[in-house]
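The values are calculated or read from the model by the stated rules, or taken from the named source; none is laboratory data. Since we're looking at a predicted model, the values are computed, not measured. Neighbour counts are summed over all protein chains in view; Cβ atoms, including those assigned to glycine, are modelled from backbone coordinates with ideal geometry. The accessibility values were calculated without ligands, DNA or RNA, using every heavy atom of the protein model including side chains. Shrake-Rupley method; radii C 1.70, N 1.55, O 1.52, S 1.80 Å.
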Amino acid sequence: MDLRIISLSNPKENILFDQVLFERAEQGLAGEALRFWESETPFIVLGKTSKAEQEIVADSVHQDRIPVIRRVSAGGVVVQGKGCLNFTLLLSRTLHPSLTTISSSYEFILNKIILALNGLGVASSFYPPCDLALTKSKRKFSGNAQRRGKNFILHHGTMLHHFDIALATKYLQFPQKVPLYRKGRSHEEFMENIVKDPQDIIDALAKAFKADNMNHHIATEELTHLTRLLTNSKL
């Protein structure tokens, strides 16, 4: 599996590069990959069907000129920035029977991550459909989403390590749909950093998914694909 540690120059490029990897894999032009990236500046990501007017604090977002970007996968709205490590998995449905259903794929992927984090001294638990939270406090540090294709799935998630959680309160409304374990907690009561060096997280997850073919290079074909998506993107 390719290990891609690639942070691009702006949030939209980073979000759309995940889509590039997925579409190229679906077209038979690329294989399995694990990518890591992080943004130096805050931005908001909408799920494929999220409604911005119901999810974001519009006045604060507009006043601070926070970019709002829609991703190709489902899931809820998140605010990202420095201290939030993103990981992206491109996995073959042929090679991994556990990816057959949405629920089994989340269980397969997130249980691997739980075991990897255990090796760093982070005790975490999987809360369906797609959260990871610290076992003792039941506070969330990782949200996940998927786009499922015919041959591959795109699974991407966040990993809070030194993130300013107050940004969630400033820019996001309380979500309309919440998991039961949240129990009405505010963003700052519900979210928590795992306070680990991001390189240690990268190393642990790369080992868990056997991603050892390091590739920092963006191919010309990938860049062309990304440029096309940027040109056609509306949000």
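When the stretch 155-166 is limited to residues that are open to solvent by less than 30 Å² (accessible area, probe 1.4 Å), of a type in the set (A, V, I, L, M, F, W, C) and outside any loop (DSSP other than H, G, I, E, B), the one that is farthest from Ile15 (Cα to Cα) turns out to be Leu160. Checking each residue of the stretch 163-175 against the condition of being under 15 Å from the mean Cα position of the chain (by Cα), at pLDDT 95 or above and not polar (S, T, N, Q) gives at least one match. Only one of the listed residues (Pro129, Pro42) is surrounded by fewer than 17 Cβ atoms within 10 Å (Cβ to Cβ), touching a strand residue (DSSP E or B) at 6+ places or on another chain (Cβ under 9 Å) and in contact (Cβ under 8 Å) with a residue 40 or more places away in the chain. That residue is Pro129.
With over 20 Å from the mean Cα position of the chain (by Cα), within 22 Å of Asp2 (Cα to Cα) and of a type in the set (Ser, Thr, Tyr) as the only criterion, which of Thr158, Thr220 stands out?
Details: Thr158 fails: over 20 Å from the mean Cα position of the chain (by Cα).
It is Thr220.
Being free of Cβ contacts under 8 Å to residues at least 60 places away in the same chain, closer than 26 Å to Leu91 by Cα and surrounded by 11 or more Cβ atoms within 10 Å (Cβ to Cβ) holds for only one residue in Ala219, Ala211, and it is Ala219. Return yes or no: is Ala206 closer than 21 Å to Cys84 by Cβ, part of a loop (DSSP other than H, G, I, E, B) and either of a type in the set (Val, Ile, Thr) or open to solvent by less than 60 Å² (accessible area, probe 1.4 Å) (or both)? Taking the combined requirement at face value, the residue does not satisfy it.
Is it the case that the stretch 141-149 has a residue that's in a strand (DSSP E or B), over 12 Å from the mean Cα position of the chain (by Cα) and at pLDDT 95 or above? There is no residue in the stretch 141-149 that is in a strand (DSSP E or B), over 12 Å from the mean Cα position of the chain (by Cα) and at pLDDT 95 or above. Here is the figure for the stretch 176-200: residues that are surrounded by 15 or more Cβ atoms within 10 Å (Cβ to Cβ) and not charged (D, E, K, R) total 8.
Has the stretch 124-140 got any residue that is out of contact with any Cys (no Cβ under 6 Å at 6 or more places or on another chain) and within 12 Å of Ala208 (Cα to Cα)? Checked the stretch 124-140: no residue is out of contact with any Cys (no Cβ under 6 Å at 6 or more places or on another chain) and within 12 Å of Ala208 (Cα to Cα). With respect to being touching a residue at least 60 places away in the same chain (Cβ under 8 Å) and not hydroxyl-bearing (Ser, Thr, Tyr), Phe163 fits the description.
The stretch 7-112 holds helices (runs of 4 or more DSSP H) entirely within its bounds, and those carrying 1 or more residues that are at pLDDT 95 or above and under 16 Å from the mean Cα position of the chain (by Cα) map to 11-26.
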